[in-house]
Structure formats: C-alpha cells, structure tokens
Amino acid sequence: MANPAAPPFATSAALELPTFKGRPGWEFTDIAALDIDAYQLSTVHPAWGSDAPGALWDLPMAQLPAGVDVSVSGETTVVTVARGVVVDDPIAFTVLVPDGQLANLRTRVVLEEGAQAAVWEQYLSAGDCVLNVATELEVGANARLRYVCGQGLSEEAWIFGAQRAVIGRDASLDWVALGFGSRSGHVLMETRLAGEGSEARVTGAYATHGRQHIDFDTTQEHAAPNTTSDLAFRGVLQDRSSAVWKGNIIVDPGAQKTDAFQDSRNLLLSKRAHADSIPGLEIQANDVRCTHAAAIAQVDPEQLFYLRAHGLPEDTAKRLVIEGFLAALVERFESGPVREALGAALERRLALILG
C-alpha cells in the first residue's frame, strides 16, 4: 500500500511505463520515445471561457444561475449543478499546457437529480508537453448532461486520458470527443449506464496528418435494464498518420432490454495512412439488441469522377466527399449553436490537414 503521506504522484513516479504490445490496451500505441524525465512537472490552471490562441471553438461566457458551483483547486476542476437547476449557457474551460511541461488535470462534473447543463472543455498547448487527463462525469437521476471535450494540442505533445461517466436512472449523457492535435497518446473513455432507463450518446471525431497517432479505447457498460447507448466515431487520416479505435459493449447480468450500437468509420486520404477499428461485445443477458459496424476506406473514385464530370476541380471534389463523410457525424446534433461550433471546428481542421 502506498504511503498516505507520500507526495502527489510519488506512486506513479515509481511505476514503469506501459510496454508497446506488452500490456493489454497498449497493443497499438508505442510510447518508447516518451522521455518523462525531460519534462518539468507543473500545475496548469483551467481558464474560464474559450478565448485562447488556437481555440477549437468560441463560446459566450456562461451566466450561471443559483445552484451551480464551479471550483478550481490546483489541477482539479469541479462543476456541481444542484437538483432541478437548468443551466442555459455552456460552461466552458480552456487548459493551456506550456512547452516542456508535464501537467496532470482532473475534471469532475456532478449533475444532481433533474439538473441540466452543458460543459465544454478544451486542451491546447504551444509546444512539446505531456498532458495526463482524468475525467469523472456523474449524471444523477433524470438529469441531462452534454459534455464536449476537445484536444488541439501541439503535434509535438503527448496526451493520456482516463475518462469515466456514470449515468443514473432515466438520465442521459451526450458526450462528444474531438482529437485533432498531439503527437501520440492513449485515451480511455468509459460509459456506465447504472440506472434503469438511462441513455448515452457518444460521438467522436479525429482528423490527423503527418505522423500523428490517435488511440481511443471506449466502453459502453450496461449495468441496468432498459438502457440505450449509441456510439459513433469517424476519422479522416492524411499522410502517414494512424489511428486506433477499440470499442467494447458490455451487458451485465440482469441488464435486459439493452439496446446498444457502436460504429467506427475511417477515411484514408493517402496510401500510407493507417487505421484500426476493433469492435467487441460481452453479453451476459439474453434479451438484448447489441450491434456494431466498422469500415476503413479510401476516397471513392466514382464519387470523385461524378463531381469532376460536373465541372468541379479535383481538390474541391475531394473536399466535398470528405465533408459528406463527416456530415453524418455533425447531423447527430440538433440545429443550433452546438452543431455550428462543432461543424466549424471540423472545417478548420480539414483546411489544415488538406493544405
């Protein structure tokens, strides 16, 4: 047992880093080039709002009603929304990690019974750094949470994340993850539908180029009956970049009437880009509907031919095909500020990787 008087991160400092292909969950992400000792441990303070260089979105400052508590202590941010409180404006935070720093960040969002809120969090950096993220989402009975988490780190940076959501009875979670920056890393996203009648929708998007590597590991655990989950991830990969999505649907004993779906699709823009999609099912109940789909393809030459035959230049035609590929993801959100902000973020990223 670790000494409770030991300084923070003393235990983690004594542990060895995961070995590529030597530990479950790390079969596709090689971090041998990561030299932890080259970075200075620092505390980053999340900033209120989204106004920052390289921001993924620009949101108005939230007007918080009574019953909402937002506290920042060191590297930990806690958002608590009291029972029955509805927050109309998004609660937005921005984390900027300095060059040469190793930062540990923890976010905890708690919605009590019947509460409604949207929390947007983005991670940015100016250079080579390491960001470790721990996220806890607790959605109480009949509550509604939208959580948007995007990383636009420098393409020299590393990111490692452990994110977990627990959803109560008749509650719903709309979780969006954007992976644009970083050199490499590994992000674990776990969703546990703990209460009967709970729902979760998880949407992920990434767009990479150069030699970037993105690794998402998702779990949809149905721990109660009459629960629903819907996960969709889409990626666009250019140059020699690579991506991994590994997803698992778990249905616990007694979680009858589960309805779960997961879908991963990747569009490769060059012959050297590479993607792995690995869906999985662990079913321990006999009255469920659980399905998955995965596809990896290059831009359809017939679609390009059709568009070019109607007078469009090749670059324009290719961009339209890519935008159409991502449109199905954006359309998962209702018309309004959310769709506009996420659509604009994807458009800016595409403009960058397509040159």
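For residue 305, the requirement of being out of contact with any Gly (no Cβ under 7 Å at 6 or more places or on another chain), at pLDDT below 85 and not in a loop (DSSP other than H, G, I, E, B) is met.
Inspect segment 226-243 for any residue being assigned to a loop (DSSP other than H, G, I, E, B), aliphatic (A, V, I, L, M) and more than 23 Å from residue 339 (Cβ to Cβ) and give the result as yes or no.
no
Residues in segment 40-59 that are within 25 Å of residue 241 (Cα to Cα) and modelled with pLDDT of 85 or more: 54, 55, 56, 57.
If you go through segment 321-355 and keep only what is surrounded by 14 or more Cβ atoms within 10 Å (Cβ to Cβ) and over 21 Å from residue 149 (Cα atoms), you end up with 321, 322, 323, 325, 354. With respect to the conditions (1) under 30 Å from residue 60 (Cα atoms); (2) at pLDDT 95 or above, residue 256 lacks only one, and its number is (1). Sort out which residues of segment 180-192 are in a strand (DSSP E or B), buried (at least 23 other Cβ atoms within 10 Å of the Cβ) and either in contact (Cβ under 8 Å) with a residue 60 or more places away in the chain or at positive phi (or both), and write them in order of number. Once the filter is applied, which keeps residues that are in a strand (DSSP E or B), buried (at least 23 other Cβ atoms within 10 Å of the Cβ) and either in contact (Cβ under 8 Å) with a residue 60 or more places away in the chain or at positive phi (or both), segment 180-192 yields only 185.
What number of residues in segment 37-53 are aromatic (Phe, Trp, Tyr) and out of contact with any Leu (no Cβ under 8 Å at 6 or more places or on another chain)? Please lay out each step first, then the result.
Taking segment 37-53 and keeping what is aromatic (Phe, Trp, Tyr), we get 39, 48.
Still in the list and also out of contact with any Leu (no Cβ under 8 Å at 6 or more places or on another chain): 48.
Here the count works out to 1.
Is there a residue being modelled with pLDDT under 90 and not in a strand (DSSP E or B) anywhere in segment 76-87?
Just the residues of segment 76-87 that are modelled with pLDDT under 90, to begin with: none.
There is no residue in segment 76-87 that is modelled with pLDDT under 90 and not in a strand (DSSP E or B).
Pairs linking a residue in segment 72-84 that is under 24 Å from residue 131 (Cα atoms) to a residue that is among the polar types (S, T, N, Q), with Cβ atoms under 7 Å and 6 or more positions apart or on different chains, are 74/43; 75/43; 75/104; 77/107; 78/71.
Could we say that residue 165 is in contact with a Leu (Cβ under 7 Å, 6 or more places away or on another chain), closer than 16 Å to residue 132 by Cα and of a type in the set (A, V, I, L, M) here?
Here the answer is no, as residue 165 does not meet what is asked.
The values are calculated or read from the model by the stated rules, or taken from the named source; none is laboratory data. Worth saying up front: this structure is predicted, and the values here are computed from it rather than measured. We place every Cβ from the backbone using ideal geometry, glycine too, and count neighbours over all the protein chains shown.
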